[in-house]
Amino acid sequence: MIDPLVLRTDPDRIRESQRRRGENVELVDELVAADIAKRQAQTAFDELRSEQKGLGKRIGPLQGALKKAGTDEARQDAQTELDSLMTQAQALSDRVKEAERSAAAAGDVVDALWLQVSNLVNLESPIGGEEDFTVLEEVGTPRDFEAEGIEARDHLELGELLGAIDVERGAKVSGSRFFYLTGPGALLEFALLNLAMQQAVEHGLVPMITPSLVLPSAMEGTGFLGQAAENVYRIEQDDMYLVGTSEVPLAGYHSDEIIDGDRLPLRYAGWSSCYRREAGSYGKDTRGIIRVHQFDKVEMFVFCRPEDAEAEHAQLLAWEREFVDALEIPYRVIDVATGDLGSSAARKFDIEAWVPTQGTYREITSTSNTTEFQARRLRIRMRDGEQTRPLATLNGTLCAMPRVIVALLENHQQADGSVAIPAALRPFLGGRSAFTPVQ
């Protein structure tokens, strides 16, 4: 969530962020009113509770005086005063309980509204929807297959020729948008995983294998139960969720903790299987493995001081570029527009690989600066001297397996249907330089 102080001192900053995202601006007015009501209810409770404590301080000594009274008249006077105070205390107790319930209810209203408000966008992000991104750089030149005299095959045709991808049996066993990676396809994923983890470790990230099932608190804390909820798989019987990215368990790793500022930044690289319902994508990318329900991914995650977040964001992007450069495929880097950020991100950069048979670039990595948004929701703080304060979190995809495999197969295909293997992957494939069609 956003720092409540921003709501109280500069609500227009939140309104402008909502406007740039194309989200509900009036929600901010509701939140301002609810926050005022919450504070008023809390004040009323605190005042009554203080009055109750004061009354208790009077009752205690009076009970002692009653026991020590030496005459019937003194005992009667003390008893009369005590009875009066006890009657007041009982009535006050009922008022305190009601005030406490009112304060809690007002707090619940505020909490529910905060969950609907996305993170404050970075004002440097381009304004607009999915197509309104800014291209920051293009790297490499797409091959001219026609000039080479090659009729380019798409990744599925290549995968079938190589015995690397089997979508028919994937559909038979699990339904549409599932697949098997077989033989060279499986070996290619393992090679990509090893290359990604080798690079991550070389840069000081701690490798992790994370859970694929998480509690609602982890999913909500990272912002995936808002606008992204339609794409989340929920296990109703156990009230748990299958993650769509290891960002979720990585973010939750330090939930409810206070981290010593001297330990920051903490950088992790998590591998997990990921699950997405792909709701709303009916008819899109139905061929092959570009848009699927289950895939594997290596995700980087950082906990750092808020003042260091932008530098960490640039570093994550640099590491993503290093990985894609090693795969020798053309790509571009884009600054994602505000309407396509997702609720947690203040700013996001994507790397999109060139897909020859589609004649366009497709996203293969993404890195987001979520500032303090997730940390506040997950109650993660840093100890800074004698103070504690929220820290910042960032995430970045190092390798989303299916789409990287798509880009590799299509960009490195040869006229005979074989696929050349980039030099960086060969050590993880026994030195092999190419995959060749099965006979």
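The values are calculated or read from the model by the stated rules, or taken from the named source; none is laboratory data. Every value quoted in this text rests on a predicted model; they were computed, and no experiment measured them. Cβ placement follows ideal geometry from the backbone for every residue including glycine, while neighbour counts extend to all protein chains displayed.
Yes or no, residue by residue, for (1) touching a Cys at 6+ places or on another chain (Cβ under 7 Å); (2) closer than 29 Å to Ser176 by Cα:
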{"position": "Met240", "(1), (2)": "no, yes"}
{"position": "Gly244", "(1), (2)": "yes, yes"}
{"position": "Pro249", "(1), (2)": "no, yes"}
{"position": "Ile258", "(1), (2)": "no, no"}
{"position": "Leu266", "(1), (2)": "no, no"}
{"position": "Lys284", "(1), (2)": "no, yes"}
{"position": "Phe295", "(1), (2)": "yes, yes"}
{"position": "Phe301", "(1), (2)": "no, no"}
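If you check Ser343 against the conditions, is it out of contact with any Leu (no Cβ under 7 Å at 6 or more places or on another chain), of a type in the set (S, T, N, Q), touching a residue at least 24 places away in the same chain (Cβ under 8 Å) and under 28 Å from Arg267 (Cβ atoms)?
When the stated conditions are applied, Ser343 passes them.
Residue check, Thr360 against (1) of a type in the set (Ser, Thr, Tyr); (2) touching a strand residue (DSSP E or B) at 6+ places or on another chain (Cβ under 9 Å); (3) surrounded by 20 or more Cβ atoms within 10 Å (Cβ to Cβ), all met but one. Which one?
Status for Thr360: all satisfied but (3).
Please find, among Phe301, Phe373, Phe295, Phe323, the residue that is touching a Leu at 6+ places or on another chain (Cβ under 6 Å), modelled with pLDDT of 95 or more and closer than 24 Å to Glu220 by Cα.
Among Phe301, Phe373, Phe295, Phe323, only Phe301 is touching a Leu at 6+ places or on another chain (Cβ under 6 Å), modelled with pLDDT of 95 or more and closer than 24 Å to Glu220 by Cα.
Look at the range 97-130 and say how many of its residues are farther than 19 Å from Ala229 by Cα, of a type in the set (S, T, N, Q) and touching a helix residue (DSSP H, G or I) at 6+ places or on another chain (Cβ under 7 Å).
2
Condition test on Gly270, is it within 29 Å of Phe190 (Cα to Cα) and small (Gly, Ala, Ser)?
yes
From Val355, Val298, grab the single residue that is within 23 Å of Ala191 (Cα to Cα), under 17 Å from the mean Cα position of the chain (by Cα) and either crowded, with 23+ Cβ neighbours inside 10 Å or assigned by TED's automatic domain parsing to the domain that holds Pro265 (or both).
After applying the criteria, what remains is Val298.
Hey, can you tell me all the residues within the range 378-437 that are under 33 Å from the mean Cα position of the chain (by Cα), surrounded by fewer than 22 Cβ atoms within 10 Å (Cβ to Cβ) and polar (S, T, N, Q)?
Selection gives Gln387, Thr388.
From Asp83, Asp111, which residue is modelled with pLDDT of 65 or more, under 26 Å from the mean Cα position of the chain (by Cα), assigned to a helix (DSSP H, G or I) and among the acidic types (Asp, Glu)?
Exactly one of Asp83, Asp111 is modelled with pLDDT of 65 or more, under 26 Å from the mean Cα position of the chain (by Cα), assigned to a helix (DSSP H, G or I) and among the acidic types (Asp, Glu), namely Asp111.
Considering only the range 377-421, give the strands (runs of 3 or more DSSP E) lying wholly within it that have at least 2 residues that are touching a helix residue (DSSP H, G or I) at 6+ places or on another chain (Cβ under 7 Å), assigned by TED's automatic domain parsing to the domain that holds Phe301 and hydrophobic (A, V, I, L, M, F, W, C).
392-400
Scan Glu157, Glu151, Glu189, Glu168 and give me the residue that is at pLDDT below 95, out of contact with any Lys or Arg (no Cβ under 8 Å at 6 or more places or on another chain) and not β-branched (Val, Ile, Thr).
When all the criteria are applied, what remains is Glu151.
Anything in the range 422-439 that is touching a residue at least 60 places away in the same chain (Cβ under 8 Å) and part of a strand (DSSP E or B)? List them, or say none.
Phe435
Pro330 is checked against (1) surrounded by fewer than 21 Cβ atoms within 10 Å (Cβ to Cβ); (2) out of contact with any Phe, Trp or Tyr (no Cβ under 7 Å at 6 or more places or on another chain) and fails just one. What number does that condition carry?
Result: Pro330 fails condition (2) only.
When you go through Glu230, Glu220 one by one, which is the residue that is over 20 Å from Ala375 (Cα atoms) and either assigned to a loop (DSSP other than H, G, I, E, B) or in the same structural domain as Asp296 (by TED's automatic domain parsing) (or both)?
Within the list Glu230, Glu220, the selection yields Glu230.
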